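Contents: one structure, followed by commentary.
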Amino acid sequence: MLDFKGASTSASLEKLLEHDTKVKVGGIDVDGILRGKLMSKKKFLSIAESGFGFCSVIFGWDMHDQTYFKELGISNAENGYRDIVAVPDLDSFRRIPWEDNVPFFLLSFMDPDTGGPVSACPRGLLKTVSEKLEKHGYGAMAGGCRRILYPFADLRIAEYEFFQFRAPVDPTVPNSERNSSSTARFLKENPVNSLPPLTEGMFGYSLTRPVHNQDYYYGIYDACEKFRCGIEGWHTESGPGVFEAALAFGEINLMADKASLFKYVVKSMGSKFGITPCFMAKPREGLPGNSGHMHVSIVDKSSKNLFYRGKKDDDPPFSDLANLSDMGRQFLAGLLDGLPDVMPIVAPTVNSYKRLVENFWAPVTVSWGLEHRAASIRLIAPPTASPKATRFEVRVAGADANPFLVLAAILALGWRGVEKKMEIKVPPLGKGQDVGGAADKGVRLAKSLKEATATMMREESVAREVFGDEFVEHFGGTREHEIRLWDEAVTDWYVWHYGGASDADADEIFREVKRYIETV
């Protein structure tokens, strides 16, 4: 693959694309979904520097293209769903290996009136938060066209778990077109649990199960490598048809790109193999959910980890903090203080809160601890890790969350803690302690999207302080839309539970459904 480190002239960009006739571009909406198009090379070259008009409705509708019930500020009937400006990030150049190596560039969305990022643009929000570090005397360095901030946030690893289902055969379309559309149609006419998983049973870290779907398994790994979103670790996770990927670490803005594009790779490759990946937080009752853990640290221009203390503190506030620097402690304090106010970002759907329940390897309180996987924030530090690997693993986010917004929230809250020199108020979660139990001193996180959104949107919310009212009003409005859709929904459970059948009839219906599920 030809690398591109920034085009200083139109000639260098033309040279890069000299053998191409078309270019694909895509930007991220608030739900973390890529929205884009294919355009001619001639058109792309004409807009590469100044950008082009892109319908703002991608910030005016939900993931199913249904306009929000309450019109929001960016895109609405009053402004005619006007265009915003989509500017290609030339540094994001890739070739799509599963589409004959067509060139691909990521977009950032700009406000045509102010020239700045659209307030709800996920890439723009993360960039804006990152640049806050400059205001405190930390300079900007040049590296090609990419600006690197020192100290800058270093995303050590992004981890994604996801279920995979076999797309059912649709007799109305060729078998070669057996893809996620077939799955969507099937689910309109059949019980959800009748969708067959890629593999049966529970077997984390299996070395043999990937052989069952070898071309798909290695195809994703190889495609990610070629598409510049390389995988560091790739294995089966505990659950039927569940995989987990750990993406190779890097600078936080670039890692957000990689995390988003990883999902694009998986969904695209899945369609080619008749497999439907599912990044929902909780696709199956009674099974663990899909996490989207993020590992974050701060490093300086020499790559020195600034969360490592250097010399062990013999009298720390809590023993778990002995090797964590003052900056690291303040960063952690900021995360703990603001976490309840950004829950709609890290848990953005109604379904997200089905994952965040007790006894399912998911955090439920404002909690932390050294090497504690049940806590919301796991501190990874010496003596169990090397000094350069000192970091925080934020474990609240699910695989359904938008990586740009999650990382913006982590960085904004943590840096707020550094700015205010905040102190950690809650003791670490002890080993063996029940999360959410009597010994857990952390505040219980929101149990629903409705509760979380109300907390984020209140006047004194930390989210308003770090992101501004415009973003909170828009993003909060999109979550209110999700809540309303759920409030109006009537699911199978209601019919089974309240449908008027006698107890005996209900029992027989339950047994029939159970027998059917067990046979598929």
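The values are calculated or read from the model by the stated rules, or taken from the named source; none is laboratory data. Computed from a prediction, not measured in an experiment: that's the story for all the values here. Using ideal geometry, Cβ is built from the backbone for each residue, glycine included, and neighbour counts are taken over all protein chains shown. These area figures cover heavy atoms from the full protein model, side chains too; ligands, DNA and RNA do not enter into them. Shrake-Rupley method; radii C 1.70, N 1.55, O 1.52, S 1.80 Å.
General observations
- The residues of the stretch 279-301 that are small (Gly, Ala, Ser) and either open to solvent by 10 Å² or more (accessible area, probe 1.4 Å) or assigned to a strand (DSSP E or B) (or both), listed by number, are Gly286, Gly289, Ser291, Ser297.
- Residues of the stretch 58-109 that turn out to be within 26 Å of Lys267 (Cα to Cα) and open to solvent by 20 Å² or more (accessible area, probe 1.4 Å), as a count: 17
- Sole exception among (1) out of contact with any Asp or Glu (no Cβ under 6 Å at 6 or more places or on another chain); (2) open to solvent by less than 10 Å² (accessible area, probe 1.4 Å); (3) within 25 Å of Ile380 (Cα to Cα) for Val265, by number: (3)
- Answer residue from the stretch 69-88, given it is in contact with a helix residue (DSSP H, G or I) (Cβ under 8 Å, 6 or more places away or on another chain) and part of a strand (DSSP E or B) and is farthest from Ala11 (Cα to Cα) among those: Asp83
- Just one residue in the set Ala489, Ala439 is open to solvent by less than 70 Å² (accessible area, probe 1.4 Å) and either in contact with a Leu (Cβ under 6 Å, 6 or more places away or on another chain) or closer than 24 Å to Pro363 by Cα (or both); that residue is Ala439.
- Among helices (runs of 4 or more DSSP H) entirely within the stretch 403-499, having at least 3 residues that are in contact with a Phe, Trp or Tyr (Cβ under 9 Å, 6 or more places away or on another chain) and not acidic (Asp, Glu) singles out 403-419, 449-457, 462-467, 469-488.
- Flag for Val472 being within 24 Å of Lys70 (Cβ to Cβ) and buried (at least 18 other Cβ atoms within 10 Å of the Cβ): yes
- Residues in the stretch 17-68 that are part of a strand (DSSP E or B) and basic (Lys, Arg): Lys22, Lys24, Arg35, Lys37.
- Tally of residues being under 18 Å from Pro348 (Cβ atoms) and touching a residue at least 24 places away in the same chain (Cβ under 8 Å) across the stretch 459-469: 5
- Hits in the stretch 302-318 - residues which are within 25 Å of Ala248 (Cα to Cα) and either open to solvent by 90 Å² or more (accessible area, probe 1.4 Å) or part of a loop (DSSP other than H, G, I, E, B) (or both): Ser302, Ser303, Lys304, Leu306, Phe307, Arg309
- Of all residue pairs spaced 6 or more apart or on separate chains, those with beta-carbon atoms under 6 Å, a first member in the stretch 216-234 that is over 19 Å from Phe203 (Cβ atoms) and a second member that is open to solvent by less than 70 Å² (accessible area, probe 1.4 Å) and small (Gly, Ala, Ser) are Cys224/Gly230; Gly230/Ala248; Ile231/Ala245; Glu232/Ala246; Glu232/Ala248.
- Any pair with Cβ under 8 angstrom, 6 or more apart, that starts in the stretch 25-53 at a residue that is more than 26 Å from Asn402 (Cβ to Cβ) and ends at one that is of a type in the set (Asp, Glu) and open to solvent by less than 50 Å² (accessible area, probe 1.4 Å): Lys41/Asp20
- Criterion applied to Phe162, Phe203 was being in a loop (DSSP other than H, G, I, E, B), in contact with a strand residue (DSSP E or B) (Cβ under 9 Å, 6 or more places away or on another chain) and within 30 Å of His295 (Cβ to Cβ), and the one residue passing it is Phe203.
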